[in-house]
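Presented below is the structure to which this report refers.
The values are calculated or read from the model by the stated rules, or taken from the named source; none is laboratory data. From a predicted model like this one, the values you see are computed outputs, not experimental measurements. All Cβ positions, glycine included, derive from the backbone under ideal geometry; neighbour counts span all protein chains shown. What goes into the accessible areas is simple: the full protein's heavy atoms, side chains included, and nothing from ligands, DNA or RNA. Shrake-Rupley method; radii C 1.70, N 1.55, O 1.52, S 1.80 Å.
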Amino acid sequence: MSPFILYSSLLAILIYCLFKLRGRTKHRLPPGPRPWPILGNLPHMGPKPHQALAGLARTYGPLMYLKMGFGDLVVAASASVAAQFLKTHDANFSSRPPNSGAKYIAYNYQDLVFAPYGPRWRMLRKITSVHLFSGKALDDFRHVRQDEVAVLTRAIASANTKPVNLGQLLNVCTANALGRVMIGRRVFGDGSDPKADDFKSMVVEVMVLAGEFNLGDFIPALDWLDLQGIAGKMKKLHKRFDAFLTGILEEHKSYSAKHVDMLSTLISLKENADGEGGKLTDTEIKALLLNMFTAGTDTTSSTVEWAIAELIRHPNILAQVQRELDEVVDRDRLVSELDLPKLTYLQAVVKETFRLHPSTPLSLPRIAAESCEINGYHIPKGSTLMVNVWAISRDPNVWASPLEFQPERFLPGREMGHVDVRGNDFEVIPFGAGRRICAGMSLGLRMVHLLTATLVHAFDWALPDGLKPNELNMEEAYGLTLQRAEALMVQPRPRLSPLAYQA
């Protein structure tokens with residue numbers, strides 16, 4: 001680095017520090033670890049921030065204050081504290097802080113997930129709520145989800161007990177189901193499609209990069225240096241995704257036939273937007289597609305992958321789920337979505353999976369529009385809020401044996417039988433809560449239940465190479481979504497009537 005660049009950076013940091021010191025208040029801030037000079041508490045994050053922050057919460061309490069470079073960060077690590085932020089003060093925390101992921105990947109905040117709270121966000125939210133995620137829209141496309149799950153089932157059955165990469169197959173299935181709803185066609189062929197491998201790698205890279213704590217986001221004077229190389233990687237990834245999405249959009253515009261899908265609806269709204277925010281642009285349409293194909297695929301496939309891994313590790317629980325499925329569905333057909341409300345124990349298994357393995361371990365960040373007070377502590381204006389969803393659902397003050405996989409805790413009549421995952425019970429909030437709750441929650445719940453039920457019903461599961469269930473690696477790989485450190489390789493064995501696997 002040249003002396004000029006070094007001195008310029010140091011001068012910028014010094015000036016920034018002086019302004020920040022002038023603006024400091026004497027208000028009582030929440031407790032937290034002592035920050036390092038300039039870096040603040042960034043070194044405390046470690047390779048798995050959700051776990052590191054959970055450890056810090058055991059020392060400093062469920063409401064913590066950290067300095068992230070020159071920025072203020074507050075972390076909620078209990079259900080009661082999360083409710084204060086996401087329910088009582090939800091309006092004050094309804095927007096997103098500036099971040100490099102939204103700038104470089106999500107079309108400079110023109111998507112639904114990272115758009116600032118306001119008329120444009122409300123318009124995008126209304127479009128998705130009405131046209132894609134409403135109860136009617138979900139019912140209308142029920143056959144699509146069932147068709148794609150049946151395709152997945154036949155692909156697994158044809159493996160003839162050979163080991164399969166379950167996560168990859170699940171990702172193809174969810175992408176194709178979403179593709180048929182979004183753009184009127186499947187996106188990939190079978191699990192060996194090279195384009196599917198590339199898509200999966202792009203989605204995983206999005207989640208990994210978006211989960212990184214980028215120095216430039218917290219020390220603006222260093223942003224232009226991109227010391228970690230994160231911004232550069234994001235720009236390259238954006239180009240790959242933009243080429244993928246532009247191809248889809250241009251191909252769709254050339255169709256002469258009338259398509260009944262989400263993209264056709266979005267294109268029609270370019271001239272007459274459904275809301276108060278004005279007309280849609282091509283960039284906003286691609287940004288919405290980006291949200292759907294990333295958040296709508298990886299979260300579902302990774303959750304189901306965790307569920308099957310837990311059931312393999314707990315054969316007694318797996319057998320109980322299979323007994324329930326055999327009683328409700330029998331062995332002559334596959335599970336349909338209409339069966340799901342009758343599968344009480346399966347629903348408990350899915351809830352327990354969401355509890356132990358939330359797809360988003362740290363909530364997407366929010367920003368304080370104004371200063372406020374939470375539990376007697378001052379929360380400065382402009383503070384970034386993160387809710388440690390992972391820590392909340394493992395809180396020993398709330399959950400008995402919090403590290404054990406026990407679906408029974410969610411059965412009717414049990415202590416946690418009333419707890420739901422839809423954002424009203426803050427003990428388990430895998431989709432978030434409040435105004436910025438995940439827009440695709442209803443679709444995600446249907447897909448996770450249907451996929452888990454079908455895989456458990458249609459197959460017995462074993463691990464390759466003589467690996468015993470208790471030896472299965474359950475380590476996490478941190479990103480914006482909670483991936484497995486090792487892909488789940490499994491050996492399936494069909495357990496239904498041969499007729500059930502036929503097209």
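Looking only at the range 106-124, residues that are in a loop (DSSP other than H, G, I, E, B) and surrounded by fewer than 19 Cβ atoms within 10 Å (Cβ to Cβ) come to 5 in all.
In the condition set (1) surrounded by fewer than 24 Cβ atoms within 10 Å (Cβ to Cβ); (2) touching a residue at least 40 places away in the same chain (Cβ under 8 Å); (3) not aliphatic (A, V, I, L, M), P358 is compliant with all but (1). Check L451 against each of (1) part of a loop (DSSP other than H, G, I, E, B); (2) open to solvent by less than 10 Å² (accessible area, probe 1.4 Å); (3) not charged (D, E, K, R) and name the one condition it does not meet. Exception for L451: condition (1). Considering only the range 134-153, I want to know if a residue exists there that is open to solvent by 10 Å² or more (accessible area, probe 1.4 Å), touching a Gly at 6+ places or on another chain (Cβ under 8 Å), modelled with pLDDT of 85 or more and not polar (S, T, N, Q). Checked the range 134-153: no residue is open to solvent by 10 Å² or more (accessible area, probe 1.4 Å), touching a Gly at 6+ places or on another chain (Cβ under 8 Å), modelled with pLDDT of 85 or more and not polar (S, T, N, Q). Residue count for the range 156-177 satisfying the condition of being crowded, with 18+ Cβ neighbours inside 10 Å and over 21 Å from the mean Cα position of the chain (by Cα): 3.
There is no residue in the range 435-442 that is free of Cβ contacts under 8 Å to residues at least 24 places away in the same chain, surrounded by fewer than 20 Cβ atoms within 10 Å (Cβ to Cβ), more than 30 Å from D332 (Cβ to Cβ) and in contact with a helix residue (DSSP H, G or I) (Cβ under 7 Å, 6 or more places away or on another chain). One residue stands out in the range 1-53 among those that are among the hydroxyl-bearing types (S, T, Y) and either over 28 Å from A210 (Cβ atoms) or modelled with pLDDT under 50 (or both): the one that is nearest to the chain's Cα centre (by Cα), namely T25.
Of these, A82, A102, which one is modelled with pLDDT under 95, crowded, with 20+ Cβ neighbours inside 10 Å, among the small types (G, A, S) and not in a loop (DSSP other than H, G, I, E, B)? Quick ask: steps written out before the conclusion?
On the way: A82 fails: modelled with pLDDT under 95.
So the residue among A82, A102 that is modelled with pLDDT under 95, crowded, with 20+ Cβ neighbours inside 10 Å, among the small types (G, A, S) and not in a loop (DSSP other than H, G, I, E, B) is A102.
State whether the residues of the range 41-56 include one that is over 25 Å from E475 (Cβ atoms) and either among the hydroxyl-bearing types (S, T, Y) or surrounded by 20 or more Cβ atoms within 10 Å (Cβ to Cβ) (or both). First the steps, then the outcome.
If we filter the range 41-56 for residues that are over 25 Å from E475 (Cβ atoms), which is where we start, we get none.
Within the range 41-56, not a single residue is over 25 Å from E475 (Cβ atoms) and either among the hydroxyl-bearing types (S, T, Y) or surrounded by 20 or more Cβ atoms within 10 Å (Cβ to Cβ) (or both).
Every residue, every condition in (1) modelled with pLDDT under 95; (2) surrounded by fewer than 24 Cβ atoms within 10 Å (Cβ to Cβ); (3) within 14 Å of the chain's Cα centre (by Cα), yes or no:
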{"residue": "A295", "(1), (2), (3)": "yes, no, yes"}
{"residue": "T299", "(1), (2), (3)": "yes, no, yes"}
{"residue": "A307", "(1), (2), (3)": "no, no, no"}
{"residue": "I317", "(1), (2), (3)": "no, yes, no"}
{"residue": "R323", "(1), (2), (3)": "no, yes, no"}
{"residue": "E327", "(1), (2), (3)": "no, yes, no"}
{"residue": "R333", "(1), (2), (3)": "no, yes, no"}
{"residue": "K342", "(1), (2), (3)": "no, yes, no"}
{"residue": "V349", "(1), (2), (3)": "no, no, no"}
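Residue count for the range 206-254 under the criterion of being free of Cβ contacts under 8 Å to residues at least 40 places away in the same chain and either out of contact with any helix residue (DSSP H, G or I) (no Cβ under 8 Å at 6 or more places or on another chain) or of a type in the set (S, T, Y) (or both): the result is 9. Residues considered: L53, L29, L73, L66. Of these, the only one that is in contact (Cβ under 8 Å) with a residue 24 or more places away in the chain and part of a helix (DSSP H, G or I) is L53.
Taking the range 325-349, which residues are of a type outside the set (D, E, K, R) and not in a loop (DSSP other than H, G, I, E, B)?
Residues of the range 325-349 that are of a type outside the set (D, E, K, R), as a first pass: 325, 328-329, 334-336, 338, 340-341, 343-349.
Across the range 325-349, the qualifying residues are L325, V328, V329, L338, L340, P341, T344, Y345, L346, Q347, A348, V349.
Residues in the range 463-500 that are open to solvent by 40 Å² or more (accessible area, probe 1.4 Å), over 14 Å from E305 (Cα atoms) and either part of a strand (DSSP E or B) or in contact with a strand residue (DSSP E or B) (Cβ under 7 Å, 6 or more places away or on another chain) (or both): R493, P494.
Looking only at residues in the range 395-413 that are closer than 24 Å to D90 by Cβ and in contact with a helix residue (DSSP H, G or I) (Cβ under 8 Å, 6 or more places away or on another chain), the one that is most open to solvent (accessible area, probe 1.4 Å) is V398. Based on this model, can you work out whether V130 counts as under 20 Å from the mean Cα position of the chain (by Cα) and under 29 Å from K286 (Cβ atoms)? Answer is no for this residue.
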